[in-house]
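To start, the structure under review is shown below, and the notes come after it.
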Amino acid sequence: MGDRPLRIAVIAGDGIGPEVVDASIPVLERALAGAEGSRPVEWTEFGWGCDHYHDTGQMMPDDGLERLGAFDAIFFGAVGRPDVPDHISVRDLILPIRRHFDQYINLRPMRLLPGVTSPLAGRGPEALDMVCVRENSEGEYLGAGGRFDQGTPDERAEQTGIFTRRGIERTVRYAFELASRRDEGHVASATKSNALQHSMVLWDEVTAEVASEFPAVPWRSYHVDALAARMVTHPDSLDVIVASNLFGDILTDLGAALTGSLGLAAGANLNPERDHPSMFEPIHGSAPDIMGQGIANPIGTLWAGALMLEQLGLDAPSGAVIRAIERTLADPKAPRTRDLGGTATTVEMAETIARGI
């Protein structure tokens with residue numbers, strides 16, 4: 001990338017997406033301006049999403065993926081609104097981006113931050129610090145299958161999960177490499193091979209093969225239902241969780257709830273080799289019930305932005321954003337948004353964090 005400015009595509013999307021994205025970009029710019037060795041960033045906004053669909057019949061234009069390919073990263077807000085079916089809004093925007101750019105890792109940190117109360121009684125930040133490595137390109141969300149004999153008593157739907165050795169292997173290897181870099185890192189693999197005798201048996205076999213390459217990293221396989229229960233009863237026993245597309249999606253929403261608010265949760269859709277742009281987003285969705293009120297929590301978006309800066313090699317400003325979030329939440333006098341028990345607006349919360357950089 002040399003010394004040229006970093007180019008970031010911004011898709012604020014729907015619902016509260018524009019609100020949290022607009023509040024977050026100035027905070028990220030402040031972190032970049034204050035860090036030694038940072039590079040200038042050019043933000044280019046694309047007005048794609050459900051409004052674009054109503055105007056044009058498309059969630060993004062025909063050449064949208066080609067245009068995004070020229071950027072170093074994609075900063076995403078949220079997608080979806082009640083009058084556009086999810087199978088259109090999600091499948092015609094965010095999923096094509098993930099697949100086209102081979103963003104095969106969905107990374108979701110799940111940490112209880114200082115000053116935030118978990119619904120798990122008596123748990124502090126030291127007891128809840130997990131990260132989920134979710135396979136992001138195949139499995140249950142590939143879209144294979146169909147509806148048959150519609151409108152008859154014999155109507156049926158078939159949804160086929162497709163798992164490949166390559167897809168599982170590269171995801172599991174990323175998880176073990178990540179665990180090897182974490183203090184006392186260890187891996188929990190989510191499976192259901194007692195019931196899914198084809199896909200999850202392959203998952204288990206490939207996981208065991210990859211694990212043999214990392215003898216210093218402890219690991220264990222859990223049935224996904226037992227793993228979900230363990231996240232509640234013994235979160236301190238879990239570190240890096242590796243899971244399929246569907247299992248990872250469910251487990252990380254549970255993890256976000258355990259950390260105090262969906263508004264705190266960040267996600268990264270990574271192409272680890274950096275052959276294509278990666279995409280960064282909060283995981284809270286478009287929240288149409290609070291759209292336009294200016295009360296959404298921007299922290300999930302800011303955290304996603306910090307993950308983006310880290311992926312781009314800008315570790316100093318990335319760390320500055322995370323530390324400012326932690327300091328703000330740890331201060332009992334600092335403003336908080338309503339999901340955290342306060343009355344602050346989205347912008348007030350973001351500006352408080354910016355002053356902490």
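The values are calculated or read from the model by the stated rules, or taken from the named source; none is laboratory data. Treat the numbers as computed from the prediction; the structure is a model and nothing was measured. Reconstructed Cβ throughout: ideal geometry from the backbone, glycine too, with neighbour counts over all protein chains shown.
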Out of the stretch 51-83, which residues are loosely packed, with under 13 Cβ neighbours inside 10 Å and at positive phi? 57
Give just the number: which of (1) of a type in the set (S, T, N, Q); (2) buried (at least 23 other Cβ atoms within 10 Å of the Cβ); (3) outside the structural domain of residue 194 (by TED's automatic domain parsing) does residue 271 not satisfy? (2)
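Tell me the helices (runs of 4 or more DSSP H) entirely within the stretch 2-79 that contain at least 3 residues that are in contact with a Phe, Trp or Tyr (Cβ under 9 Å, 6 or more places away or on another chain).
Qualifying helices (runs of 4 or more DSSP H): 17-34, 64-68.
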Taking the condition of being in contact with an Asp or Glu (Cβ under 7 Å, 6 or more places away or on another chain), of a type outside the set (Gly, Ala, Ser) and not in a strand (DSSP E or B), how many residues in the stretch 169-195 meet it? 3
Any pair with Cβ under 6 angstrom, 6 or more apart, that starts in the stretch 1-21 at a residue that is crowded, with 21+ Cβ neighbours inside 10 Å and ends at one that is assigned to a helix (DSSP H, G or I): 9/68; 12/18; 12/21; 14/50; 19/346; 20/301
Residue in the stretch 111-118 that is in contact (Cβ under 8 Å) with a residue 60 or more places away in the chain and more than 24 Å from residue 310 (Cβ to Cβ) present: yes
For the stretch 90-107, indicate whether the set of residues that are farther than 30 Å from residue 219 by Cβ, surrounded by fewer than 21 Cβ atoms within 10 Å (Cβ to Cβ) and either of a type in the set (S, T, N, Q) or not assigned by TED's automatic domain parsing to the domain that holds residue 60 (or both) is non-empty. no
Restricting the stretch 112-137 to residues that are surrounded by 21 or more Cβ atoms within 10 Å (Cβ to Cβ) and of a type in the set (D, E, K, R), which is nearest to residue 163 (Cα to Cα)? 135
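Taking only the stretch 336-357 into account, find how many residues are part of a loop (DSSP other than H, G, I, E, B) and either touching a strand residue (DSSP E or B) at 6+ places or on another chain (Cβ under 8 Å) or of a type in the set (A, V, I, L, M, F, W, C) (or both). Spell out how you get there, then give the answer.
Looking only at the stretch 336-357, we keep the residues that are part of a loop (DSSP other than H, G, I, E, B), and these are 336-337, 341-345, 356-357.
Now narrow it down to the ones that are either touching a strand residue (DSSP E or B) at 6+ places or on another chain (Cβ under 8 Å) or of a type in the set (A, V, I, L, M, F, W, C) (or both): 344, 357.
Total meeting the criteria: 2.
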